[in-house]
Amino acid sequence: MRDGADVCPAEADRHGDERENPFDTADLPHNTRRLYVAQWRQFTAWCAGRHAVALPARPRHVALYLAFLARERLAPSTLRAAIQAIAKAHQITGYASPAGDPIVVRAKRRILAQISGERRHVVPLGPAQLHRIVRAMHQELADLRDRALLLVGYAAMLRRTELVALDVEDALMVGGAIELSVRGRRVEVPNGQHDELCPVRALAAWVDAAALRTGPLFRSINRWARLGGRLCDRSVSEIVQSRARQAGLDTKGLSGDSLHLGSADDRRFL
């Protein structure tokens, strides 16, 4: 039996409208709303796959969802954002939030401790490694995307969740540099010293090749080179791992978090 299968589909259907987006009329900052909506959609999709009611959610289902996110090796910040979105959705619609239930609190504490222990083994990506990774890439659409994603993420020292949350509108070209809007703060990415390592050139090449005008900046690409939806933060780790492996590097300890770790001084070698 799947988790949450004790809830009948008919009961779940009665809550369909509320599951879609309870944040439509909420007084929230734009970036916060966007984060909550993304997290809420993922939670409701997970619930729908198990015939579980998302609103109001049972504490046991929320705890199981957190365990699911942990198995996906998501960052602690992503898990916290998921809990905050679930809690806010219940608050907005007048339901008691399951986030404060002892079952959820214990699950959250245990899972975050586990993830924190695992993340201590993540190693930063150095400039020499990044250089090898970029040089091993070609000029296919996926290569252009991955080159831009890695160089921008590295130069701006962005976390996985911050990187995949970027929209085309969040990247502004200013005097040969990129000015990013990252969750309400401005991050400047300067022009690189070397053409093949320049994040500005890499991002421009990806945006032009993909003909991006609006929406998610980094998107999935199928085997026919067609664009899909926004990448998830787990995809960043997969890209780092696969590109490092392709370049003949030891991938032990490398993940999407390797992009924002290390010294800011390393970025001057780009």
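The values are calculated or read from the model by the stated rules, or taken from the named source; none is laboratory data. Given the structure is predicted, the values throughout are model-derived calculations rather than measurements. When we count neighbours, we look across all protein chains shown, and the Cβ atoms used for this are built from the backbone with ideal geometry, even at glycine. The protein model used for the area step is the full one, side chains on, heavy atoms only, and it has no ligands, DNA or RNA in it. Shrake-Rupley method; radii C 1.70, N 1.55, O 1.52, S 1.80 Å.
Laid out as a table, the results:
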| read-out | value |
| --- | --- |
| Share of carbon and sulfur in the accessible heavy-atom surface of the stretch 23-133 [1.4 Å probe, %] | 54 |
| Probe 1.4 Å, accessible area per residue of the stretch 130-270, Å² | 48 |
| The chain - charge dipole about Cα centre, Lys and Arg +1 at Cβ, Asp and Glu -1, debye rounded to 20 | 740 |
| Where GluC sites (Glu not before Pro) fall in DSSP loop in the stretch 103-164, at most 14 other Cβ within 10 Å | GLU140 |
| 10 Å-binned pair-distance histogram of the stretch 140-224 (Cα, whole percent) | 18, 58, 22, 2 |
| Bins of 5 Å, starting at 0 and running to the largest distance - Cα pair percent for the chain | 1, 6, 12, 15, 16, 15, 13, 10, 7, 4, 1, 0, 0 |
| Histogram of C-alpha separations across the stretch 79-149, 5 Å bin width, % | 3, 13, 14, 11, 9, 10, 11, 11, 10, 7, 2 |
| The chain: calculated mean residue ellipticity at 222 nm from DSSP helix runs of at least 4, using -39500 (n - 2.57) | -15500 deg cm²/dmol |
| Cα-only radius of gyration and Dmax that characterise the stretch 75-115, units Å | 10.7, 33 |
| For LEU144, net neighbour charge (Lys/Arg +1, Asp/Glu -1) across residues whose Cβ lies under 13 Å away | 0 |
| P(r) tail fraction, the stretch 124-270 - alpha-carbon pairs more than 19 Å apart, % | 46 |
| Theoretical FRET efficiency, 1/(1+(r/R0)^6), r = Cβ-Cβ of THR214 and HIS121, R0 30 Å, to 0.05 | 0.20 |
| Rg/Rh (Cα only; Kirkwood hydrodynamic radius) as it applies to the stretch 20-165 | 1.05 |
| Linear extension gain, ARG245 paired with HIS30, 0.36 nm per residue minus alpha-carbon span | 73.6 nm |
| Cα gyration tensor shape for the stretch 171-218, rounded if a/c is under 1.5, else prolate or oblate | oblate |
| Normalised alpha carbon radius of gyration of the stretch 19-72 [divisor 2.2 N^0.38 Å] | 1.18 |
| Charge dipole (debye, nearest 20) of the stretch 182-223; +1 at Cβ of Lys and Arg, -1 at Cβ of Asp and Glu | 340 |
| Per-pair calculated FRET efficiency, R0 = 51 Å: ALA113 and ALA142 via Cβ, rounded to 0.05 | 0.90 |
